[in-house]
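Everything below concerns the one structure shown next.
The values are calculated or read from the model by the stated rules, or taken from the named source; none is laboratory data. This one's a predicted model, so the numbers in the text were calculated from it and none came from an experiment. Here the Cβ positions follow ideal geometry from the backbone for every residue, glycine too, while neighbour counts run over all protein chains shown. Side chains are part of the model used for accessible areas, which takes the heavy atoms of the whole protein and leaves out ligands, DNA and RNA. Shrake-Rupley method; radii C 1.70, N 1.55, O 1.52, S 1.80 Å.
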Amino acid sequence: YKLSIIYSFSSACVVNICPFLIFTYFSLVSRDNQTRQIQDAVSNVEKHFGELCQIFAGYVRKTARLRDKADLLVNEIYAYAATETPNLKVGLKNFADEFSRLQDYRQAEVDRLEAKVVEPLKSYGTIVKLKRDDLKATLTAKNREAKQLSQLEKTRQRNPSDRHIIYQAESELHRASLDATRTTRQLEETIDNFEKQKIKDIKNIFSEFITIEMLFHGKALEIYTAAYQNIQNIDENEDLEVFRSSLYPPDYQSRLDIVRANSKSPLQRTGSLKSSLRTVQISSSMLRKDEEEEEEDEDEEEEEEEELDATKEEQELALIVECQTTNDQFQRMEQNLLKMDNFSS
């Protein structure tokens, strides 16, 4: 359509060329190129800002999901720590506390990215729509100008001698040209401000993104360092001793030491028992010899003999009781050793 206007203009104005029509023609061509460039710039912003907005929004959603998974991990660590030995329990609890604190900073990161990055990019959807409306108004005025120019050329071809009709057509073209020029200038100013604001917004958006990420990762490094130190402070040996002691009753070690001290082979236990019995027999024979010697001593007084006899009887009874007690102890020791052998097996 525009090419037909140009060809009709060039063919019809060979004879009747006026400076106004030439100016209008070149202005129309210039505004057409300018409008096309502005339209391409707006379309470029609409396309790439939309892609950036979607990608940044996905980035924020993934970060939020990572925060949710970290919260689940913290809860599981707390639950596991409650079942462990003291040092490990404290170390895991401190680690979970630090890791939970990190998720608070991650939540702040999500909120800041949403407010400082995603929302400004999202607002360009409305801005681009307004610029397209301005472009539409400019294109309408330019098309009206081109239509008036075409009508003027047709009037010149049909009625070349009717100056009144030609003058009216030229007046309509002039008004259309003024309107197109005015809307084009407004569009130029609008697009200039749009381009300036776009560059400024891009700088601010990416600067905010970098700042937010640096703040989070700086805090993350600090918190991870503290969490690592908490894990390294766990005393393995002490927890191992606590675990070992939990496997046995409190008096097990003392009883085990006694059993080990008294534990011998069956032959050794039998020999020890026989030697004890021999000791008792020797003691009895010695007492009998003392009795004979005392009986032979006729010069002693009767009171001393009675006291000595009583003493002898008490000693014999004490020895018999001691022998019986010793035998009972040996029997209990043998029973305990048999139980310990069964427990060990």
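Return yes when Arg112 is more than 20 Å from Phe209 (Cα to Cα) and either buried (at least 20 other Cβ atoms within 10 Å of the Cβ) or not hydroxyl-bearing (Ser, Thr, Tyr) (or both) and no when it is not.
Here the answer is no, as Arg112 does not meet what is asked.
Within the stretch 228-267, the set of residues being open to solvent by less than 100 Å² (accessible area, probe 1.4 Å), at pLDDT 60 or above and assigned to a helix (DSSP H, G or I) comprises Gln229, Asn230, Ile231, Glu238, Asp239, Leu240, Val242, Ser245, Ser246. Among the criteria (1) at pLDDT below 70; (2) closer than 22 Å to Tyr124 by Cβ, the one Asp162 does not fulfil is (2).
Annotation note: Cβ proximity below 6 Å between a residue of the stretch 53-74 that is in a helix (DSSP H, G or I) and a residue that is crowded, with 16+ Cβ neighbours inside 10 Å and among the acidic types (Asp, Glu) (sequence gap 6+ or interchain) occurs for Val60/Glu114.
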